[in-house]
Amino acid sequence: MIRVLTTLLFTCLTALPAFAEIVHIPADRDGTLIEDAEGDVANGSGPAFFAGRTNQTKFSIRRGLVRFDVAAELPENALIDRVFLSLYQKSENAEPSTISLHRVLNNWGEGASYSMGGSGAPAKPGDATWLHTFYDYQYWVQQGGHFIPYASATAIVAGTDFYTWQSTVHLVNNVRLWLHAPEENFGWLVVGDEDSPQTVKRFDSRESSEPDQHPTLTIEYHLPGE
């Protein structure tokens, strides 16, 4: 699997200038917002997070959350050139679906709730839920997460494989913000097809038993004067 991911990223980065530095940052927090009227269902520490819509007749929307500690991994004066997000999708749903990344506007937590699947488990203290940023005492400004409505990047996700969200102006600007204002780094919301049933996609989380399949943020940067 490492070879697959390396090949995928090599394809994206073959045009790098000789002076470029590259860093691969693992996620330091992730989870799933599970549509629920009471806001007491979560999956903060499960092996996967989910995005899209299940086949349930109600409360079927799932939205992923993922965050990377950019400021801890880059020099403060780094000049960011390109950014790539890599996720591993593993599910029986091979239908192509557009998955978008949206910058989150509120801090949120990763609690101890654990579920192997997208139905979630009873929320634990500090979990992000459909209603809560931190269960059960802090709330999102709006249900389902508070985030920038336009996508920072999109990718078509189909069957089991690694997928890379290619660098965009918005992705680069997101990461630049998080480097210089780490107090505003709340990561991305991962949003799938929420209009059609059975579109949900399953992405390995940082708690997955396969380390090479964990979410990875790849940043190309250079230093002033280079």
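A few remarks follow.
- For segment 186-226, the per residue solvent-accessible surface stands at 39 Å², with DNA, RNA and ligands left out and a 1.4 Å probe.
- The spacing between segment 15-84 and segment 149-198, judged by their C-alpha centroids, is 8 Å.
- For the chain, leaving out every one of the chymotrypsin sites (Phe, Trp or Tyr not before Pro) that falls in a DSSP loop and has at most 13 other Cβ atoms within 10 Å, the longest unbroken run is 20-136.
- Within straight-line cross-link reach of Lys201, aspartates and glutamates at Cα separation under 14 Å, skipping those fewer than 8 residues along the same chain: Glu92, Glu95, Asp161, Asp193
- Extended-chain gain in nm, criterion 0.36 nm per residue less alpha-carbon gap, Ser196 and Glu73: 40.4 nm
- Per the Cα gyration tensor, the chain maps to an equivalent ellipsoid with semi-axes of 29, 20, 15 Å, ordered largest to smallest.
- Projected label points at Ala94 and Phe59, each 7 Å from Cα along the beta carbon direction, are separated by 3.3 nanometres.
- Helix 169-180 vs. the chain, principal-axis angle (Cα, 0 to 90°, nearest 10): 90 degrees
- With protein chains left intact and a 1.4 Å probe, residues in segment 36-121 average 40 Å² of accessible area per residue.
- Once both labels are positioned 7 Å from their Cα atoms along Cα-to-Cβ, the gap between Tyr150 and His180 label points is 1.9 nm.
- For segment 35-110, the pair-distance distribution built from all alpha carbon pairs, in bins 5 Å wide starting at 0, is 3, 8, 18, 22, 19, 13, 8, 5, 3, 1, 0 percent.
- Solvent-accessible area of segment 39-113 (1.4 angstrom probe, protein heavy atoms only): carbon and sulfur portion equals 44 percent.
- Glu184 accessible area, 1.4 Å probe, all protein chains in place, Å² to nearest 10: 80 Å²
- With a Förster radius of 25 Å applied to the C-beta separation of Glu21 and Asp212, the computed FRET efficiency comes to 0.70.
- Taken over segment 139-226, the alpha-carbon convex hull comes to 164 cubic angstrom per residue.
- Using C-alpha pairs under 8 Å with a sequence gap of at least 6, the mean separation divided by the residue count of segment 132-172 gives a relative contact order of 28 percent.
- When you filter the GluC sites (Glu not before Pro) in segment 52-155 for DSSP loop state and at most 12 other Cβ atoms inside 10 Å of their Cβ, you are left with Glu76, Glu92.
- For the chain, the mean residue ellipticity at 222 nm estimated from helices alone is -3500 deg cm²/dmol, where every DSSP H run of n ≥ 4 contributes -39500 (n - 2.57) and the total is divided by all residues, rounded to the nearest 500.
- Each distinct pair of alpha carbons in segment 78-164 adds a 1/r term; the inverse of their mean, the Kirkwood radius, is 15.2 Å.
- In degrees, nearest ten, helix 2-13 long axis to first principal axis of the chain (Cα): 60 degrees
- Size of charge dipole - the chain - debye, nearest 20, with Cβ of Lys, Arg +1 and Asp, Glu -1, no other charges: 340 debye
The values are calculated or read from the model by the stated rules, or taken from the named source; none is laboratory data. Since this is a predicted model, take the numbers as computed values, not measurements. All Cβ positions, glycine included, derive from the backbone under ideal geometry; neighbour counts span all protein chains shown. Side chains included, ligands, DNA and RNA excluded: accessible areas come from the protein's heavy atoms. Shrake-Rupley method; radii C 1.70, N 1.55, O 1.52, S 1.80 Å.
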